[in-house]
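Working notes, structure below.
The values are calculated or read from the model by the stated rules, or taken from the named source; none is laboratory data. Quick caveat, the model's predicted, so the values are computed rather than measured. Because the Cβ atoms are built from the backbone with ideal geometry, glycine has one as well, and the counts that use them run over all protein chains shown.
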Amino acid sequence: MLESSNLVTFTGLANSSGYDTFLMDEERGRLLVGAEDHVFSFDLVNINRDMNVCSWSYCERFILHKECSNFVRVLQPYNQTHIYICGTGAFHPICSYLEIGKRAEDNIFRLDANYFENGRGKSPYDPKMQSSSLLIDGELYSGTSADFMGRDFAIFRTLGSHHPIRTEQHDSRWLNEPRFLGIHLIPESDNPEDDKIFLFFKENAMDGEHTGKATISRIGQLCKNDMGGHRSLVNKWTTFLKAKLTCSVPGLSGIDTHFDELQDVFLMSAKDPKNPVIYAVFTTSR
């Protein structure tokens, strides 16, 4: 591809790393990338042409300490002119809004310096933690860790007019050290009240589920209109379900090769939004 000039590369900045969070803005023909202390906006045709950079450093006086960096981990469309953005904030998660303008020719790409809010339950504390998010109808769904030590894993719904809601705390039957890979909304019918939120993640196997220590790939489901319980499961999900994802290939000797670890998920829209095509990448655990 390099020889045919079909591949364009971006070498990054000397003082930035962790290019892990992506948002495609097809309307403006841009690709937004969240990284360490920066957000980038690239031209979709040529990433080295007309590049915009927004700096979001959390503590410049400690710039030599990598743990003090702000790794951007949430980039979600908020409205026609702004992106909701969250970062690790040097182990103090923080969120704000990134203004991008209404049209591509507006050439606006700047952080709202007057507004910041707590990012707990939205962005992980530790940049090495795998997390996912989705902003739908003004509400943010996040799969992340909610504490400094990285032990309180949860699926959250924040923002919007409803009260925050989450999975049960410190209960391995709900989540057992999960690593979140993707969150998608899939309608079940023509009635928006039936919409479902699907989560793709991997977690440690439960006792009795697998011999020895193993990783299990999962798909989780939530009802979008879940408001939590009234007497029990107050401010907790009442519709959370999860199932094991199995991917295996039969071998010549009759022994299947199991691809246990889900690595990535891509949802391709179809004519019928209730039946999208979901592509997943699996690898073996050994």
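Couple of notes before you dig in:
- Out of Ile197, Ile165, one residue alone is in contact (Cβ under 8 Å) with a residue 60 or more places away in the chain, farther than 30 Å from Cys247 by Cα and in contact with a strand residue (DSSP E or B) (Cβ under 6 Å, 6 or more places away or on another chain). It is Ile165.
- Only listed residue being under 22 Å from Arg73 (Cα atoms) and assigned to a loop (DSSP other than H, G, I, E, B), chosen from Leu185, Leu175, Leu199: Leu175
- Criterion: among the β-branched types (Val, Ile, Thr), assigned to a strand (DSSP E or B) and more than 24 Å from Phe22 (Cβ to Cβ) - qualifying residue of Ile255, Ile278, Ile216: Ile216
- Note on the range 70-111: among residues that are in contact with an Asp or Glu (Cβ under 7 Å, 6 or more places away or on another chain) and closer than 20 Å to Asp43 by Cβ, the one that is surrounded by the fewest Cβ atoms within 10 Å (Cβ to Cβ) is Arg110.
- Within the range 136-153, the residues that satisfy the criterion of being surrounded by 21 or more Cβ atoms within 10 Å (Cβ to Cβ) and either of a type outside the set (Gly, Ala, Ser) or at positive phi (or both) are Leu140, Tyr141, Thr144, Phe153.
- Complete set of residues in the range 132-160 that are within 17 Å of Gly87 (Cβ to Cβ) and assigned to a strand (DSSP E or B): Ser132, Ser133, Leu135, Leu140, Ser142, Gly143, Thr144, Ser145, Phe156, Thr158, Leu159
- Residue count for the range 163-184 under the criterion of being closer than 20 Å to Ile85 by Cα and surrounded by fewer than 16 Cβ atoms within 10 Å (Cβ to Cβ): the result is 1.
- When the range 93-108 is filtered for residues that are in contact with a Gly (Cβ under 9 Å, 6 or more places away or on another chain), modelled with pLDDT under 95 and in a loop (DSSP other than H, G, I, E, B), the ones remaining, listed by number, are Asn107, Ile108.
- Meets criteria (over 20 Å from Thr144 (Cα atoms), free of Cβ contacts under 8 Å to residues at least 60 places away in the same chain and either surrounded by 15 or more Cβ atoms within 10 Å (Cβ to Cβ) or over 19 Å from the mean Cα position of the chain (by Cα) (or both)) for Asn114: yes
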